[in-house]
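Structure, as structure tokens:
The values are calculated or read from the model by the stated rules, or taken from the named source; none is laboratory data. Note that the structure is a prediction, hence the values are computed from the model and not measured. Cβ coordinates were reconstructed from backbone atoms using ideal geometry, including for glycine residues, and neighbour counts include every protein chain displayed.
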Amino acid sequence: MEESYTMIILIAITITLAFITVYWLISIQSVTTEFEHLEVINQEVVEDNGYFKIKITIENKGIKKVSISNVLINGRTLDEYKSSITPQDIEIKPGEKTQVKIKLSKSEFDHGQLVHIKFISAKGNEFPILIYIP
């Protein structure tokens, strides 16, 4: 009789450990598979009426939608450079491409200069790009 109680307790502990292990594995998988990955497909710089217009084509190679919350130029905000970006709200779904246009004032930038552009996602991930102004 005592052996049957021991067997029931061991089976209950085994089932509990199995559920805990499955829950743990599911939680690890959801954390490690939700990543953001943006890739620059094309970039172009054109001079136009006192501005440098930068066109950047970005593709979302990750599996989650990426929302860009901030863009920095050489570590500073666009407002500090009197610059603008189109579109204002950048959201890229997995597998999609979008074109971002940044307008930089020629009073702040010059030919032959490297411009460090950093896209920052809503999750805080950073996607840096170096662009040469010809």
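Just give me the residues in region 78-94 being surrounded by fewer than 13 Cβ atoms within 10 Å (Cβ to Cβ) and outside any loop (DSSP other than H, G, I, E, B), in sequence order. Spell out how you get there, then give the answer.
Of all residues in region 78-94, those surrounded by fewer than 13 Cβ atoms within 10 Å (Cβ to Cβ) come to 79-80, 82, 86-89, 93.
Of everything in region 78-94, those that are surrounded by fewer than 13 Cβ atoms within 10 Å (Cβ to Cβ) and outside any loop (DSSP other than H, G, I, E, B) turn out to be Asp79, Glu80, Thr86.
Specify the residue that is nearest to Gly62 (Cα to Cα); the eligible residues are those in region 97-134 that are touching a His at 6+ places or on another chain (Cβ under 9 Å) and either assigned to a strand (DSSP E or B) or modelled with pLDDT of 95 or more (or both).
This residue is Phe127.
Count, please, the residues in region 31-77 that happen to be crowded, with 17+ Cβ neighbours inside 10 Å, of a type outside the set (D, E, K, R) and assigned to a loop (DSSP other than H, G, I, E, B).
Going through region 31-77 one residue at a time, the tally reaches 1.
Need pairs with beta-carbon distance below 9 Å; first residue outside the structural domain of Lys118 (by TED's automatic domain parsing) and farther than 16 Å from Lys55 by Cβ and within region 77-88, second aromatic (Phe, Trp, Tyr) and surrounded by 11 or more Cβ atoms within 10 Å (Cβ to Cβ); sequence gap 6+ or separate chains.
As it stands, the answer is none, since no pair meets every condition given.
Among the residues in region 75-90, are any within 15 Å of the chain's Cα centre (by Cα) and either basic (Lys, Arg) or closer than 19 Å to Val46 by Cβ (or both)?
No, region 75-90 contains no residue that is within 15 Å of the chain's Cα centre (by Cα) and either basic (Lys, Arg) or closer than 19 Å to Val46 by Cβ (or both).
Return yes when Ile73 is of a type outside the set (Phe, Trp, Tyr) and in contact with a helix residue (DSSP H, G or I) (Cβ under 8 Å, 6 or more places away or on another chain) and no when it is not. Quick ask: steps written out before the conclusion?
Values: of a type outside the set (Phe, Trp, Tyr): yes; in contact with a helix residue (DSSP H, G or I) (Cβ under 8 Å, 6 or more places away or on another chain): yes.
For Ile73, the condition - of a type outside the set (Phe, Trp, Tyr) and in contact with a helix residue (DSSP H, G or I) (Cβ under 8 Å, 6 or more places away or on another chain) - is met.
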